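S.K.: Starting off with a structure, shown below.
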Amino acid sequence: MFAFALLLAAAPAPLLQQEGETVTVRAPLPAAPQTPATLVAEPVAMMIATFDTNGDAMVDRAELEEGVRRSFEAIDTAKSGKLRYIAFSDWALRFLGDQHALPSPYEVDRDDDDSITLDELENHFSRLFARYDRNGDHLISRAELLTYRTMPVDAQGPTAGRRPPKKGDAKDQPRKDGHGKDDSKRDRRDAPPPDADAPEAERGR
């Protein structure tokens, strides 16, 4: 206890505010909005980038085929040689980041047998290789894996020039039927006529 008191006595005294001195306390700055991305990479493009095994920032066809084979075998633990659609969604979740990311199993399954073989998956990636290899040098660079976006977009499409929705827009719009026609008019047409036998005062209500 005595030693602790000595330590406290030896500690430097805190600096005290001098009389008349102004202390400025800075609040944290507000978060800046995210700048809309103009360069994006598809999930499958990010996967292809991971196939670069020699570190030259390029992917050739041999690296592509080896990477696809490793990803297929990582999910096909039963060594059946096929991935059913549920197993393919596990493959997409693990290597593309989302079960619904492209390619979908329907475009990879060329023979429509509800399963994807290694050959089908490699053939699909071979077509992707040809699409990304824009300069035809049989290599895919990081630049070729990028997609240029000219304007910010969301789930409804481009956001540039779009009028922000107002509070009563959805409520004020006429209801449409399945054929795109105004359903409210049809409701009025289909309404039953007033009862002819009812008193005149009731029919006028």
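S.K.: What is the extension gain from Ser104 to Arg149, computed as 0.36 nm multiplied by their sequence separation minus the C-alpha to C-alpha distance, in nm to one decimal?
M.R.: The span from Ser104 to Arg149 would gain 14.0 nm if fully extended.
S.K.: Explain nothing, just compute: Karplus ³J(HN,Hα) = 6.51 cos²θ - 1.76 cosθ + 1.60, θ = phi - 60°, for every residue of the stretch 106-112 in order, whole Hz, x for Gly and Pro.
M.R.: Once θ is set to phi - 60°, the couplings for the stretch 106-112 become 6, 7, 7, 6, 6, 9, 6 Hz.
S.K.: If you rank Tyr132, Tyr148 by fewest surrounding Cβ atoms within 10 Å, what's the result?
M.R.: By the 10 Å Cβ count, ascending, the order reads Tyr148, Tyr132.
S.K.: Work out the FRET efficiency for Leu93 and Thr22 from their Cβ-Cβ distance, taking R0 = 35 Å, and round it to the nearest 0.05.
M.R.: 0.05
S.K.: Quick check: residue separation of Glu65 and Asp113 times 0.36 nm, minus the Cα distance between them. What number comes out in nm?
M.R.: Result for the pair: 15.0 nm of gain on full extension.
S.K.: Enumerate the amide H contacts of Ile116 below 5 Å, restricted to partners 5 or more residues apart or on another chain; note that Pro and chain-start residues carry no placed amide H.
M.R.: Leu83, Arg84
S.K.: Related question: Would you mind computing, in nm to one decimal, how far apart the modelled labels at Thr53 and Ala78 are, each placed 7 Å from Cα along Cα→Cβ?
M.R.: Here the answer is 2.8 nm between the modelled labels.
Bear in mind that the values in this text are calculations on the coordinates, not laboratory data. All values reported here derive from a predicted model rather than from experimental measurement. Methodologically, a virtual Cβ is constructed for each residue, glycine included, from the backbone with ideal geometry; neighbour enumeration extends over all protein chains shown.
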